[in-house]
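Report on one structure; see the data block that follows.
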Amino acid sequence: MRSPCGGVDDGERVRQARQSRGYHSLSTYERSQVCVTVELWFDDIIYRFIVEGTKRFAQMKMTRPASSVRVNLPETIFCLKKTGDKQFPNRFQVILPKWSLNDFDLWRWIIGFGGYVKVVEPLQLVEKVKEIGRGIVEVYDQ
């Protein structure tokens, strides 16, 4: 699946906004040039926590949780179909600025779910999570 966000180059105005005025001062077009869709797949156990704990993300979509789970989120968020993967049936997508892919807090949030989450896209984030995982294994394999 392709990200709805456009080009690769931030452009000078975007770089300046990022450094001074911030992401939210950009025009819709400029934002579209610097955003990326992050997709994570979760197992059923941790997904109930995800549904309640992700209210901080403004532009998110997700799979509807099991009917027994009570949710205080807008119905429009639950528009994604299940993944078809028995281990990770639940999809979560959020649109973030590309530079968020280098954010330690994002990595920590994802890694904190351990083997209950699978990063699906973008490839840059998949590779970063794999790298972190290999680093953790190396520490304990010595």
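The values are calculated or read from the model by the stated rules, or taken from the named source; none is laboratory data. In this text, all values refer to a predicted model and were calculated from it rather than measured experimentally. Here the Cβ is made from the backbone with ideal geometry for all residues, glycine too, and neighbour counts use every protein chain on show.
Worth pointing out:
- Test: residue in segment 45-53 that is hydrophobic (A, V, I, L, M, F, W, C), touching a Ser or Thr at 6+ places or on another chain (Cβ under 8 Å) and modelled with pLDDT under 95: no
- The residues of segment 59-98 that are among the basic types (Lys, Arg), closer than 28 Å to Val34 by Cα and touching a Phe, Trp or Tyr at 6+ places or on another chain (Cβ under 9 Å), listed by number, are Lys61, Arg91.
- Filter pass, Arg70 being surrounded by 17 or more Cβ atoms within 10 Å (Cβ to Cβ), over 14 Å from the mean Cα position of the chain (by Cα), at pLDDT 70 or above and among the basic types (Lys, Arg): no
- Set Leu73, Leu96, Leu125, Leu101: member being outside any helix (DSSP H, G or I) and farther than 19 Å from Tyr47 by Cα: Leu96
- If you filter segment 21-44 down to residues that are closer than 13 Å to Trp99 by Cα and in a loop (DSSP other than H, G, I, E, B), you find that the one that is modelled with the highest pLDDT is Val34.
- For segment 99-123, filtering for residues that are over 11 Å from the mean Cα position of the chain (by Cα), under 16 Å from Cys35 (Cβ atoms) and in contact (Cβ under 8 Å) with a residue 24 or more places away in the chain leaves 1.
- In this structure, Arg91 does not satisfy being modelled with pLDDT of 70 or more, part of a helix (DSSP H, G or I) and under 30 Å from Glu131 (Cβ atoms).
- Leading residue by the ranking (farthest from Leu26 (Cα to Cα)) among those in segment 87-125 that are surrounded by fewer than 15 Cβ atoms within 10 Å (Cβ to Cβ) and touching a strand residue (DSSP E or B) at 6+ places or on another chain (Cβ under 9 Å): Gln87
- Test: Lys130 is at negative phi, surrounded by fewer than 16 Cβ atoms within 10 Å (Cβ to Cβ), in a loop (DSSP other than H, G, I, E, B) and over 12 Å from the mean Cα position of the chain (by Cα): no
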